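Encoded as structure tokens, the structure appears first; notes follow it.
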Amino acid sequence: MDNNTKCTAVMLAAGMGLRMGGEVRKQYLMLGGMPMFLHSIRTMQESPIITDIVVMVHKDDVEVVRELLDEYGCGEKVRKVVVGGKERVHSVARGLESIDWPCDYVFIHDCARPFLDQPTLERLFDTVQRTRACVAGVPAKDTVKIVDENCDVETTPNRASVWIVQTPQVFELDLIRNAHRKALAEEDYLASRGIILTDDAMVAELSGECRVRMVMATYRNIKITTPEDLVIGDAFLEK
């Protein structure tokens with residue numbers, strides 16, 4: 001790695017976690033002896049690629065997150081703890097706008113994916129330097145169907161060309177920050193056409209500035225969304 005290359009990780013932990021149920025937001029549930037959201041922050045902290053970290057949090061949780069970062073030794077590279085927006089895309093945009101230090105590339109990651117590993121970060125870093133935009137993912141194991149509003153099948157895409165998208169999603173900072181500014185300025189228009197901004201690759205694709213390259217991650221890089229996912233996560237840690 002070029003010592004002059006600066007990479008910031010924008011870590012998303014601002015969600016409500018409603019699908020998990022209970023009174024504790026899912027990102028703060030314990031997994032392997034520490035709150036779930038800290039696992040991927042620790043991975044970023046331990047990576048020589050990542051120089052700085054921004055953590056996006058719910059407006060009520062700023063102080064508790066600062067305390068947890070210190071308690072579990074995960075705050076070494078954290079530059080800012082920033083309040084997120086109403087949806088994921090708004091939280092990412094706020095995180096990008098908060099970066100006021102030298103930064104070449106930004107790694108955007110959902111803290112609900114606690115099993116991020118160092119080889120995936122290395123592959124992403126190698127790729128983004130050549131392509132300007134790349135996304136972690138894995139080839140689909142199952143056949144995928146495209147359905148209409150009645151759940152009637154319209155098409156069956158070739159499984160060989162279908163990937164399951166994960167995070168981190170990695171971009172040149174200026175590219176993705178400008179793409180977010182443009183997309184949010186057109187948010188109402190996009191919504192009127194049925195286009196909902198669900199991930200950052202989509203924001204980059206809409207900007208027309210580049211193509212996004214898929215990068216192989218792992219099937220363990222799951223998103224913890226439901227209680228069943230926590231059981232799977234515990235099984236991974238036991239191994």
Scan segment 123-134 and report the pairs whose first residue is assigned to a loop (DSSP other than H, G, I, E, B) and whose second residue is modelled with pLDDT of 95 or more and not aromatic (F, W, Y), with Cβ atoms within less than 8 Å and a gap of 6+ or a chain change.
R132/E172; R132/L175
Which of the residues spanning segment 21-80 are touching a residue at least 40 places away in the same chain (Cβ under 8 Å) and at positive phi?
G21, G32
Would you mind finding the one in D142, D174, D152 that is touching a residue at least 12 places away in the same chain (Cβ under 8 Å), more than 16 Å from A217 (Cβ to Cβ) and among the charged types (D, E, K, R)?
D142
Go through (1) of a type in the set (A, V, I, L, M); (2) touching a His at 6+ places or on another chain (Cβ under 7 Å); (3) without any contact (Cβ under 8 Å) to a residue 12 or more places away in the chain for V203 and report which single condition fails.
(3)
Tell me yes or no: at least one residue of segment 16-38 is in a loop (DSSP other than H, G, I, E, B), in contact with a strand residue (DSSP E or B) (Cβ under 7 Å, 6 or more places away or on another chain) and closer than 29 Å to N178 by Cα.
no
Please go through segment 54-88 and give me each residue that is surrounded by 16 or more Cβ atoms within 10 Å (Cβ to Cβ), within 15 Å of A14 (Cα to Cα) and touching a helix residue (DSSP H, G or I) at 6+ places or on another chain (Cβ under 7 Å), ordered by number.
V54, V55, M56, V57, L68, V81, V82, G84, G85
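If a residue counts only when it is surrounded by fewer than 14 Cβ atoms within 10 Å (Cβ to Cβ), out of contact with any strand residue (DSSP E or B) (no Cβ under 7 Å at 6 or more places or on another chain) and at negative phi, which helices (runs of 4 or more DSSP H) contained entirely in segment 136-212 have at least 1 such residues?
173-185, 187-192
Restricting to segment 25-53, and then to whatever is within 15 Å of the chain's Cα centre (by Cα) and farther than 25 Å from D234 by Cα, can you tell me which residue is surrounded by the fewest Cβ atoms within 10 Å (Cβ to Cβ)? Let's see the steps before the verdict.
Let us first name the residues in segment 25-53 that are within 15 Å of the chain's Cα centre (by Cα), namely 27, 36-44, 50, 53.
Remaining after also requiring farther than 25 Å from D234 by Cα: 50, 53.
Working: I50: 21, I53: 24.
Applying the filter and picking the extreme gives I50.
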Complete set of residues in segment 224-239 that are surrounded by 14 or more Cβ atoms within 10 Å (Cβ to Cβ) and either among the small types (G, A, S) or under 16 Å from the mean Cα position of the chain (by Cα) (or both)
I224, T225, G233
Could you please find all residues in segment 112-132 being of a type outside the set (F, W, Y) and closer than 30 Å to Y28 by Cα?
A112, R113, P114, L116, D117, Q118, P119, T120, L121, E122, R123, L124
Can you tell me how many residues within segment 46-96 are in a loop (DSSP other than H, G, I, E, B), within 15 Å of C111 (Cβ to Cβ) and among the aliphatic types (A, V, I, L, M)?
1
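What tally of residues in segment 85-106 results from selecting those that are touching a Ser or Thr at 6+ places or on another chain (Cβ under 7 Å) and at pLDDT 95 or above?
Qualifying residue count for the region: 4.
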Just to be sure I understand the filter: pairs with C-beta atoms under 9 Å, separated by 6 or more residues or on different chains, first member in segment 182-197 and over 18 Å from K86 (Cβ atoms), second member in a helix (DSSP H, G or I) and at pLDDT below 90. Which pairs pass?
K182/S207
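The values are calculated or read from the model by the stated rules, or taken from the named source; none is laboratory data. Please read all numbers here as calculations on a predicted model, not as lab measurements. So basically every Cβ, Gly included, is an ideal-geometry build from the backbone, and we count neighbours across all protein chains shown.
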